[in-house]
Structures are given as C-alpha cells and as structure tokens.
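Just so it is clear, none of the values below were taken in a lab; they were calculated from the coordinates. Model, not experiment: these values are computed from the prediction. Note that we place each Cβ from the backbone using ideal geometry, even for glycine, and neighbour counts take in every protein chain shown.
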Amino acid sequence: MYTDKPTDLTTNLTVESWVGKLTMVACEMEAVPLPTLNWSHPGNETVTVNGSKVTSRLYFRPKSSSDFGYYKCVGTNIVGSTSVTILLVKMGK
C-alpha cells in the first residue's frame, strides 16, 4: 500500500481583512492516508474531503489588531506532518 506524509497544496498564502469583517483562511493538503488538519488559532472550521485531498477553512471575525498576523495549519497522518503559514493582513485603519 502506498503511503505518504501530507503535501501542502495551499494557494492563497496572504489574506486581507479588517476588524469585524467575516474572514476565511484556508489550507489544502494531500496524503495517503488522509491527514488531519489543525489550526494555531480558534474559529469555526469546515473540512472538505475530495479523494486524497483535505481542505480546511477557518471562519472568524477579527476583533482587534492582535487577530492579524500569521495563522498556521498543520496536516498530520501516520507517516508524518507538514505545515503551512498564512498571513492575515489588516486593511484600513
């Protein structure tokens, strides 16, 4: 049986938003067996599985400047782990 650690397929590594706006950051990984994806920040998460690909979307409303910065998504399976970092940039004042 073929197995591999998660491979990052995330395309949008920078997301722009502002305080109070509904914001979504996403990561996508592929692996056999399927990876479990975990975020470094809390939020409402949705997970979609398509074959050997898993996409995790994290939805939240930034409440202050401290909610902006780097969000890390880690994909893990029995073979290993891979992480991707997404930058959330504050727009406006």
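Tabulated data
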| quantity | calculated |
| --- | --- |
| Pairwise centroid distance, computed over Cα atoms, of the range 1-39 with the range 41-61, Å | 7 Å |
| Phi to ³J(HN,Hα) by Karplus 6.51 cos²θ - 1.76 cosθ + 1.60 over the range 37-54, Hz, x for Gly, Pro | 9, 10, 9, 7, 10, x, x, 8, 9, 10, 10, 10, 10, 9, x, 9, 9, 10 |
| Order by protection proxy (mean Cβ within 10 Å, highest first), peptides 62-68, 82-88 | 82-88, 62-68 |
| Lys pairs, the chain - Cα-Cα below 23 angstrom, 8 or more residues apart or on other chains | 11 |
| For peptides 46-55, 70-79, sequence by mean Cβ density within 10 Å, most packed first | 70-79, 46-55 |
| Options (1) 46, 27, 26; (2) 44, 30, 22; (3) 53, 20, 18 - which one matches Cα extents along the principal axes in Å as calculated here | (3) |
